[in-house]
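Novice: One structure, as structure tokens, below. Some questions next.
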Amino acid sequence: MPLRDLLIHIADVYDATALASSDVPGQALLRGVKERHDLPLPPGFTADGHGGQGFASSTPWIGVYDPAINTEPHDGLYLAYIFSEDLSAVTLTLQQGVTSLKKSFPRRPDLRRELRARARRLRAALPPAVAPNWSHEPAFGSKDWRPRSYEAGSVVARRYEIAAMPSEETLRADLLEASKLLRDVAVAQRVHLQIPGMDAPSVEYVPGEHSTSDALDNFCPKDDSDYYVHIQGGECRRTRRHEELIKDFGYHSVTCGYTPIIAGMHPRDLVLRRYGGSSQPSWLVEGKTVKNGNVTNAVRQAIGQLFEYSHFWHELRGEPKPHLIALFTEGIGRYADYLEGHGIASVWRSGDGWDGSPRAASWGLVAKRDVSDIARLS
């Protein structure tokens, strides 16, 4: 039975008022999904059906899994065809596991809030040109806590009306595309899980002695060649902007074809790799928060750390000399050319996207996201 026929048949015979027993036709169809070999699953993927335990679920569904990412719906990421309560539609959605997360967020409003926040972060890892085609926000029509959690936990989704079900070829193509999105999002999730929480200790590179102010605060060479100095006293407030910078750029790098690595890289901020393994040069990224407009100090710190880490953590260990990237929270003016002259690419936040030096652009790491895309993704 093709996927199209299976989805239509489930919607036709499923009975939410019956027990979740194998002798009930709809339940039998769902339980048989695991043993089917005629479904157009992407290579290596598996599937199973769910209709509740004891009592029938108000929203039956079929899970589709990449074993390299996840094999259970309780935790992690997976794909799912979830039927609406009235069985008039089914939604293909990239889902987050709910059951395990519920232990950390026992209050259901808190659970849904956390799922939505995670979905927004993961959605940002998708290519802007692709994500709008999967921008459906599921509404399954059930008041049960689990379907409502599925709605909140959906990263991307596409809805099919049972009465106007597309062709088998379209369903197959959509599932293949969703499997690729699943893999992209899984990489982004690994980046997020590697980053310390907001309440974790923050370690920063501090040149020289600690001070509550710096004589170079607000000293920034402008493109019009004027230099100015403004010395400002007062307390120095520490923020988590550095961690957010690394996290967001890690997500962005996934859409550019890189694999971002944080775990095991300390004291390095971030290492990017592409296919080819350790025999190919990696990209060494050092992120800097521009504090109080002090571009000069941020650039000096980035140069010192990039050269130091390149030497001790790559070259002396027999690895190829890495490409160097200095990452900033804002534009650095003339210092972009200065860094290029030292073999260092620079990237910085620019509105809702990323701008950078010619070297960074040649590596495909400069991209500005359209405001309309941001609105659709949020």
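What follows draws every value from the coordinates through simple rules; no lab data is involved. Please read these numbers as outputs of a predicted model, since none were measured by experiment. Cβ: placed from backbone, ideal geometry, glycine included. Neighbour counts: every protein chain shown.
Novice: About the Cα centre of the stretch 51-107, what is the dipole size in debye to 20, counting +1 per Lys and Arg Cβ and -1 per Asp and Glu Cβ, all else neutral?
Specialist: Rounded to the nearest 20 debye, it is 260 debye.
Novice: Now, a different point. Provide the gained length on full extension for the span Ser88 to Ala163, in nm with one decimal, where the gain is 0.36 nm per separating residue minus the Cα-Cα distance. Please list the in-between numbers first.
Specialist: On the way: separation 75, 0.36 × 75 = 27.00 nm, distance 0.73 nm.
Between Ser88 and Ala163, full extension yields an extra 26.3 nm.
Novice: Mind listing the phi-derived Karplus ³J(HN,Hα) values for the stretch 295-300, rounded to whole Hz, using 6.51, -1.76 and 1.60 with θ = phi - 60°, and x for any glycine or proline?
Specialist: Karplus-based 3J(HN,Hα) across the stretch 295-300 equals 5, 4, 5, 4, 5, 4 Hz.
Novice: In the neighborhood of Leu284, defined by Cβ-to-Cβ distances under 15 Å, what is the net charge if each Lys or Arg adds +1 and each Asp or Glu adds -1?
Specialist: That sum, taken over residues with Cβ under 15 Å, equals +2.
Novice: Which FRET efficiency value, to the nearest 0.05, is calculated for Ser350 and Arg274 with the Förster distance at 22 angstrom and r the Cβ-Cβ distance? Display every interim value, and only then the final one.
Specialist: Working: r = 24 Å, r/R0 = 1.08.
The value I calculate is 0.40.
Novice: Can you work out ³J(HN,Hα) from phi for every residue in the stretch 326-337, in order, using Karplus 6.51 cos²θ - 1.76 cosθ + 1.60 and θ = phi - 60°, giving whole Hz and x for Gly and Pro?
Specialist: Calculated HN-Hα couplings, in order: 9, 10, 10, 6, 7, x, 10, x, 5, 5, 4, 5 Hz.
Novice: Next question. Evaluate the distance, in nm, between pseudo-label points positioned 7 Å from the Cα of Ala18 and of Thr99 along their respective Cα→Cβ axes.
Specialist: 2.4
Novice: Using the Karplus curve 6.51 cos²θ - 1.76 cosθ + 1.60 with θ = phi - 60°, work out ³J(HN,Hα) for each residue of the stretch 347-362 in order, rounded to whole Hz, and write x for Gly and Pro.
Specialist: In residue order, the calculated couplings are 9, 8, 4, 9, x, 9, x, 9, 10, x, 7, x, 5, 5, 5, 5 Hz.
Novice: Classify the stretch 323-365: rounded, prolate or oblate, from the alpha-carbon gyration tensor (a ≥ b ≥ c, eigenvalue square roots; a/c under 1.5 rounded; otherwise prolate if a/b is larger than b/c)?
Specialist: Working: a/c = 2.03, a/b = 1.31, b/c = 1.55.
Oblate, since a/c reaches 1.5 and b/c is not below a/b.
Novice: Suppose R0 equals 41 Å; then what is the FRET efficiency for Asp75 and Ser362 from their Cβ-Cβ distance, rounded to the nearest 0.05? The partial results should precede the final answer.
Specialist: Numbers: r = 40 Å, r/R0 = 0.97.
Efficiency at R0 = 41 Å is approximately 0.55.
Novice: With every atom except the alpha carbons ignored, what do you get for Rg and Dmax of the stretch 5-161, in angstroms?
Specialist: 15.2, 46
Novice: Would you mind giving the average projected area, over all directions, of the Cα convex hull of the stretch 23-113 in nm² with one decimal?
Specialist: Values: hull surface 28.5 nm².
Value for the stretch 23-113: 7.1 nm².
Novice: If the chain between Glu35 and Ala263 were fully stretched, how many nm would it gain, using 0.36 nm times the residue separation less the Cα-Cα distance?
Specialist: Numbers: separation 228, 0.36 × 228 = 82.08 nm, distance 3.78 nm.
Full-extension gain reported as 78.3 nm.
Novice: Let me ask something else about it. Which Cα, out of Ala11, Thr71, Gln96, lies furthest along the positive dipole direction of the stretch 1-125 (beta carbon charges, K/R +1, D/E -1)?
Specialist: Gln96
Novice: Set the Förster distance to 51 Å, then compute FRET efficiency between Arg317 and Leu176 from the Cβ-Cβ distance, nearest 0.05.
Specialist: Numbers: r = 40 Å, r/R0 = 0.78.
So, using R0 = 51 Å, E works out to roughly 0.80.
Novice: Next question. Summarise the long-distance tail of P(r) for the stretch 281-371 by giving the % of C-alpha pairs beyond 20 Å.
Specialist: On the way: 1365 of 4095 pairs.
That tail contains 33 percent of the Cα-Cα pairs.
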